[in-house]
Amino acid sequence: MLNLPPEIVAPEPLTVAAAATVELMMKLRISFAFVGDIALSAWLGRSSVARQVDLLAVVSPEGKQQIPMMAGHRGFELDRELIEATEEFDLVPMAYCGVKIHVLIASNALYGRMVAAAVPARLGSLDVKIAAAEDLALLLTFSDATDSLLSRNELVRSSAAEFDIARFNRKLVSLGVSGKAIPT
């Protein structure tokens, strides 16, 4: 039986920004999942140390344009030049109460499947979704953050009962990077 990840625990500014982002995505009827340190912290059962909120969202090109428009009406801070500069990366950067928020648009099937496979978690009184452990490990595998592989290995070890190494390795093989597989 799959144990649900513990409640997402993060410092107040981060939880306030994450909750505002959840409300925005729900208002826009956008399917999404938290990724990054918030999801990692839920899987590891520790407080988030991030200074940003990262999420993966399944949205149409028209919907992508609605995100900053609606966010601007809901108290989010927007830098139009930064939004234009990151458009080709399918990223919508914004902030809430000084906390950076990165909405990565699920522009390919792999990302879309990650959102579909997301698992439930709690953020205060909110029901949210976070990336499945294997999908989060995949994102960490390709991250350029200095501690991403250490985080990936910690995720694999700490959620061993839930972590499907075979599924993770199959994804790496399908992406043509079998050299990054975890030995079984």
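Here are some notes:
- Scanning the range 129-148 for residues being of a type in the set (Gly, Ala, Ser), under 14 Å from the mean Cα position of the chain (by Cα) and open to solvent by 40 Å² or more (accessible area, probe 1.4 Å) gives a total of 1.
Listed here are the residues, each with its yes/no results for (1) within 14 Å of the chain's Cα centre (by Cα); (2) modelled with pLDDT of 95 or more; (3) under 21 Å from SER48 (Cβ atoms); (4) part of a strand (DSSP E or B).
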position: MET70; (1), (2), (3), (4): no, yes, no, no
position: LEU82; (1), (2), (3), (4): no, no, no, no
position: GLU88; (1), (2), (3), (4): no, no, no, no
position: PRO93; (1), (2), (3), (4): yes, yes, yes, yes
position: HIS102; (1), (2), (3), (4): yes, yes, yes, yes
position: TYR111; (1), (2), (3), (4): yes, no, no, no
position: ASP127; (1), (2), (3), (4): no, no, yes, yes
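- Whichever residue in the range 41-56 is open to solvent by 10 Å² or more (accessible area, probe 1.4 Å) and within 14 Å of the chain's Cα centre (by Cα) and, among such residues, is farthest from LYS129 (Cα to Cα): ARG51
- SER151 vs. criteria surrounded by 13 or more Cβ atoms within 10 Å (Cβ to Cβ), polar (S, T, N, Q) and touching a residue at least 40 places away in the same chain (Cβ under 8 Å): yes
- Annotation: of all residues in the range 154-184 being assigned to a loop (DSSP other than H, G, I, E, B) and farther than 15 Å from VAL119 by Cβ, the one that is most open to solvent (accessible area, probe 1.4 Å) is THR184.
- Selection status of ALA17, surrounded by 15 or more Cβ atoms within 10 Å (Cβ to Cβ), in contact with a helix residue (DSSP H, G or I) (Cβ under 9 Å, 6 or more places away or on another chain), outside any strand (DSSP E or B) and not charged (D, E, K, R): no
- Filtered by the rule that a residue be within 30 Å of ALA132 (Cβ to Cβ) and among the hydrophobic types (A, V, I, L, M, F, W, C), the range 57-81 gives ALA57, VAL58, VAL59, ILE67, MET70, ALA71, PHE76.
- ARG74 meets each of the listed conditions (1) in a loop (DSSP other than H, G, I, E, B); (2) charged (D, E, K, R); (3) closer than 25 Å to SER148 by Cβ apart from (3).
The values are calculated or read from the model by the stated rules, or taken from the named source; none is laboratory data. These numbers were taken from a predicted model, which means no experiment stands behind them. Note that we place each Cβ from the backbone using ideal geometry, even for glycine, and neighbour counts take in every protein chain shown. Remember, those area values only see protein heavy atoms, side chains included, never the ligands or the DNA or RNA. Shrake-Rupley method; radii C 1.70, N 1.55, O 1.52, S 1.80 Å.
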